[in-house]
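Below: one structure, written as structure tokens.
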Amino acid sequence: MMKAWRRGLIAAVLILALAGLALLWLNLREESVPGTSPPQITPALIERGAYLARAGNCMGCHTERGGLPYAGGRPIPTPFGTVFASNLTPDRQHGLGDWSADDFWRALHHGRSRDGRLLSPAFPYPNYTLLTREDSDALYVFLRSQAPVAQANLPHELRWPYGTQLAQAVWRALYFRPAVFQPEPARDAAWNRGAYLVQGLGHCNACHAPRNALGATPGATDFSGGMLDTLGWYAPSLHDAGEASVAGWSAAELREWLKTGSNRHASALGPMAEVVLGSTQHLNEADLAAMGRYLQALPQRGAARSRPAAPPDQALRELGGKLYEQHCASCHGEQGQGVAGIYPALAGNRVVTMGNSSNLLRVILRGGFAPATAEKPRPFGMPPFASEFSERELAAIASFLRSSWGHQAGDVSELDVNRLR
């Protein structure tokens with residue numbers, strides 16, 4: 001009996017040792033960073049790095065609201081707790097002051113900090129790993145050119161065990177492998193440039209992809225939509241004509257939307273408004289065209305949709321119709337036609353009709369505000385109605401919109417409203 005117990009213990013120890021070795025190998029594979037000569041600092045390289053930082057919207061996370069540029073501190077909510085963005089200024093104690101270009105490349109390409117710690121994938125290194133070394137060096141030189149800010153980094157507030165290095169190592173072993181973007185020979189230069197920007201630096205699928213129970217996406221080429229639970233917004237599928245596919249837009253319409261945040265089809269609201277404000281409006285025309293080329297070429301696949309199983313609540317819709325006439329029709333029109341260039345049409349609007357009603361409810365509750373961009377500095381906004389209506393009234397308006405003007409999207413319940421409040 002004792003011998004069997006000992007054999008079992010030895011087997012368990014061996015299994016754990018093998019698992020540990022496998023975990024170590026998976027985390028160190030392809031991680032060697034060859035020493036390189038420090039990049040030659042020139043005004044042109046700093047300017048290029050500044051452009052790339054805009055393209056990646058680095059300031060959007062690494063600048064606290066009202067804080068100094070790139071000094072970190074902004075809270076990033078996740079389903080596992082809160083992550084705080086780090087200080088990217090060249091401060092020696094708290095920022096990148098003692099970092100080499102190799103250290104910076106290791107963080108982007110491998111998800112590992114200068115001191116060897118594994119970084120949280122809330123920092124989208126699964127996308128940034130696709131960046132070229134040249135672009136990494138340009139970003140590094142730009143950030144090192146900023147004024148140092150002596151602002152300490154805040155410790156993450158992740159629930160146990162998600163903040164442990166063991167948990168980060170397991171996640172990394174399961175879902176990450178470093179890789180530099182490889183152009184597709186069958187595609188032209190514009191498509192490949194767009195793919196590089198969208199998949200890598202733009203990290204678009206960090207929002208526009210579903211995540212599993214551990215927060216991993218299916219991959220950098222999946223844009224099939226994902227719920228941003230901690231923000232209350234849904235990032236719609238870029239593959240689905242019923243959600244956010246742009247395959248049917250003209251190149252000029254897509255350029256207008258990326259550059260200004262609105263066109264005749266849609267307005268960028270919520271997190272997407274921040275992306276336009278801090279990133280895409282600053283891209284040059286060639287990169288806007290390249291991103292558009294890639295996005296319009298994404299494979300089209302719609303989600304399976306069926307008619308709502310529950311019978312329509314006619315009383316709820318009638319209440320919604322009365323509220324719409326009193327509070328909404330003066331801007332959006334009696335037939336939901338809107339006013340071109342001012343108030344968006346609601347008839348045929350995908351925010352209204354898509355299967356996930358979160359964005360529609362979010363706009364009614366909190367208001368809708370497109371970004372103020374250089375080409376459209378004074379966009380019209382919509383006031384919030386969270387304090388004006390009860391949950392039943394909010395559900396009624398949403399249900400009326402989703403069942404009017406030929407829409408067949410199904411009713412919204414009071415429980416749906418309550419979840420987003």
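Below, the figures for the structure above:
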| item | result |
| --- | --- |
| Residue check for HIS282: more than 22 Å from PHE389 (Cβ to Cβ), over 20 Å from the mean Cα position of the chain (by Cα) and in the same structural domain as GLY200 (by TED's automatic domain parsing) | no |
| Flag for ASP188 being within 16 Å of HIS239 (Cβ to Cβ), out of contact with any strand residue (DSSP E or B) (no Cβ under 7 Å at 6 or more places or on another chain) and acidic (Asp, Glu) | no |
| Region 243-277: number of residues that are in a helix (DSSP H, G or I), touching a helix residue (DSSP H, G or I) at 6+ places or on another chain (Cβ under 8 Å) and either surrounded by fewer than 20 Cβ atoms within 10 Å (Cβ to Cβ) or in contact (Cβ under 8 Å) with a residue 60 or more places away in the chain (or both) | 7 |
| Unique match (being farther than 17 Å from ALA289 by Cα and within 20 Å of the chain's Cα centre (by Cα)) among GLY200, GLY194, GLY215 | GLY215 |
| Test: residue in region 333-354 that is surrounded by fewer than 19 Cβ atoms within 10 Å (Cβ to Cβ), of a type in the set (Phe, Trp, Tyr), in the same structural domain as ASP416 (by TED's automatic domain parsing) and under 30 Å from GLY60 (Cβ atoms) | yes |
| Complete set of residues in region 65-85 that are without any contact (Cβ under 8 Å) to a residue 12 or more places away in the chain and either charged (D, E, K, R) or under 25 Å from ALA101 (Cβ atoms) (or both) | ARG65 |
| Tally, over region 395-410, of residues that are modelled with pLDDT of 95 or more, over 19 Å from GLY270 (Cα atoms) and under 29 Å from the mean Cα position of the chain (by Cα) | 6 |
| Wholly within region 278-350, helices (runs of 4 or more DSSP H) carrying at least 2 residues that are of a type in the set (Gly, Ala, Ser) and free of Cβ contacts under 8 Å to residues at least 12 places away in the same chain | 329-332 |
| Yes/no for ARG133 being among the basic types (Lys, Arg), crowded, with 17+ Cβ neighbours inside 10 Å and under 24 Å from the mean Cα position of the chain (by Cα) | yes |
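Condition check ((1) polar (S, T, N, Q); (2) in the same structural domain as MET227 (by TED's automatic domain parsing); (3) farther than 26 Å from LEU258 by Cβ; (4) crowded, with 16+ Cβ neighbours inside 10 Å) across all residues:
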| site | (1), (2), (3), (4) |
| --- | --- |
| ARG366 | no, no, no, yes |
| PRO379 | no, no, no, yes |
| SER387 | yes, no, yes, no |
| ASP411 | no, no, yes, yes |
| LEU415 | no, no, yes, no |
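The values are calculated or read from the model by the stated rules, or taken from the named source; none is laboratory data. Remember, it's a predicted structure, so these values are computed and weren't measured experimentally. Here Cβ is always computed from backbone atoms with ideal geometry, including for glycine, and neighbour counts include all displayed protein chains.
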